1. Say we look at the range A:110-165 and pick out the residues that are hydroxyl-bearing (Ser, Thr, Tyr), within 13 Å of A:Gly230 (Cβ to Cβ) and within 7 Å of chain B (Cβ to nearest Cβ); which of these is farthest from the chain's Cα centre (by Cα)?
2. Do we have A:Lys182 as of a type outside the set (Gly, Ala, Ser), under 24 Å from the mean Cα position of the chain (by Cα) and on the phi > 0 side of the Ramachandran plot here?
3. A:Leu272: farther than 22 Å from A:Ile126 by Cβ and not acidic (Asp, Glu), yes or no?
4. Tally time: how many residues in the range B:199-220 are touching a residue at least 40 places away in the same chain (Cβ under 8 Å) and within 19 Å of A:Ile118 (Cβ to Cβ)?
5. Considering only the range A:105-120, how many residues are crowded, with 22+ Cβ neighbours inside 10 Å and farther than 15 Å from A:Ala247 by Cβ?
6. All but one of (1) over 25 Å from the mean Cα position of the chain (by Cα); (2) at the interface with another protein chain (Cβ under 7 Å from one of its Cβ atoms) hold for B:Val103, so report the exception by its number.
Protein chains: 2
Amino acid sequence: VNDKNVLVGTIPLSVIISTTRQKKIVNLMREAKESVHFSVDKEDVADIFRKRNLTSLAVVDNKKKLLGSINVEDAVDVIDDEAEEDFLKLAGVGEQSFYDAIVTVTKARFTWLFFNLIAAFFASFIIKNFESTIEKLVILAALMPVVASMGGCSGTQSLTTAVRAIAMKQLTWSNAFRSTIKEVFIGFLNGLVFSFASFFITFFWFDDLTLSLVISISLLLNLVFGAFFGTFVPIILTRLGVDPAVASGTFVTMLTDIVGFLMFLTLATTYLI
Amino acid sequence: VNDKNVLVGTIPLSVIISTTRQKKIVNLMREAKESVHFSVDKEDVADIFRKRNLTSLAVVDNKKKLLGSINVEDAVDVIDDEAEEDFLKLAGVGEQSFYDAIVTVTKARFTWLFFNLIAAFFASFIIKNFESTIEKLVILAALMPVVASMGGCSGTQSLTTAVRAIAMKQLTWSNAFRSTIKEVFIGFLNGLVFSFASFFITFFWFDDLTLSLVISISLLLNLVFGAFFGTFVPIILTRLGVDPAVASGTFVTMLTDIVGFLMFLTLATTYLI
């Protein structure tokens, strides 16, 4: 620091120890490239440590005056907490520790079970509208979960990748379009394989060509929709200022359930009844 | 270190700098409590850094001879990688990076979609056995997803908590019983609230007392089963030497789907038909 307490450079501790006492400190000093403003979020600071492999970092105010420093040990705690936070939020269990009281944990999980119940009854409402279709072809009721759960599985895979990529600042609004396209393409590739598999399983089980086509087409489309929603929902939530790790899971499974039931039963009503 | 290169103590760097040159190093030395054997897993080493807030750690061989040291910066990378690994494995996306090639990602996700397809068709098989029940009461087809998805949601909540607790070494085989009991109790508490809610929603929608009772009882039981499986499955997999983060998700949703459909349709067949 200079006379006005403004940060001008840093000296590694190892240099201080290994140099004779006569040298002037200004000659040993390196330019201080690494400093953060005091208002920077602790998660962003942890990100700087993570990417640049630092051992300490100076903290400065608006006029670049030195306020203090952060050591890498502190960053470890933040990185650790942050990872745990994202991890638990993704399942809608929130910021609870393993040793928390039962009532606290119960309350923390309540909200997402609540949204899931609303979503599930909304799915029931969709299915109920196809009551007459199912009455004529009960087998549709048995096959509905295949389409819905494969879409949900594909959606959760894309979602987990996207939430992590957002946290690591690899997925941003600017590359959102490219990332979504990529995920959709992955969903489509796996969808092709699994729609073929489902076609043959259904055909050998029920010996009905149209039914097999209906299930394989709706399965392919729902895997693609799942991959799309899994990437799109967290990106949109981040853009809206909502933490994507908290809310995405419920939205994505709700959307894949509803789109899956709707598509499968509509196709079945059109081509089978 | 002594003459034989055996670790006897450590001196903090700050003590070396701030002490006059005349003092003997043996007087400054603290007893070295923190050292690890060279064969210790890097994730366990990261855990030591995390818990004891160290800046460096000596590495020794079988005879306690000093081999080298690990700094906290290296631990940051491990903690970070480890968190990402658990995080991605939980969704069955494996160890892939955001920038990986599309084909690699597609292959990595294939396995869990494959297991999900098998599980979904197995659920279809269960439902198909109740074909005559559904034929008589088509409304059951519409309500099935409510029971299955609430169980799945509860299971995923417990699972995420358990997988994280296993990774942090808070959940072990020895406290497995107590942890499972706790999760089941949490599932039961939330289950009570949501089974009441479902009872009223179903009663106002379909005006059928027995149907409302059947859905609320099977929903309560499936929330409890979900919490049980969500804790029990990762504990058992860990005990068997399988990484719980990879395989648990598919097992838990498969079990809650199957138990949910089976319980709901059995109760409906017994009391409604």
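1. Restricting attention to the range A:110-165, the residues satisfying the condition of being hydroxyl-bearing (Ser, Thr, Tyr) are A:111, A:124, A:132-133, A:149, A:154, A:156, A:158, A:160-161.
Pick out the ones that are also within 13 Å of A:Gly230 (Cβ to Cβ) and you get A:154, A:156, A:158, A:160-161.
Then keep just the ones that are within 7 Å of chain B (Cβ to nearest Cβ); that gives A:154, A:156, A:160-161.
Numbers: A:Ser154: 13, A:Thr156: 9, A:Thr160: 4, A:Thr161: 6 Å.
Residue satisfying both the conditions and the ranking: A:Ser154.
2. On the way: of a type outside the set (Gly, Ala, Ser): yes; under 24 Å from the mean Cα position of the chain (by Cα): yes; on the phi > 0 side of the Ramachandran plot: no.
It is false that A:Lys182 is of a type outside the set (Gly, Ala, Ser), under 24 Å from the mean Cα position of the chain (by Cα) and on the phi > 0 side of the Ramachandran plot.
3. Values: farther than 22 Å from A:Ile126 by Cβ: no; not acidic (Asp, Glu): yes.
Against the criterion (farther than 22 Å from A:Ile126 by Cβ and not acidic (Asp, Glu)), A:Leu272 does not qualify.
4. Counting residues in the range B:199-220 that are touching a residue at least 40 places away in the same chain (Cβ under 8 Å) and within 19 Å of A:Ile118 (Cβ to Cβ) gives 5.
5. 2
6. Going through the list (1) over 25 Å from the mean Cα position of the chain (by Cα); (2) at the interface with another protein chain (Cβ under 7 Å from one of its Cβ atoms), B:Val103 breaks only (2).
We did not get these values from a lab; they are worked out from the coordinates using the rules stated. Because the structure is a prediction, the values reported are computed rather than measured. Counting neighbours? That spans all protein chains shown, and the Cβs are built from the backbone with ideal geometry, glycine included.
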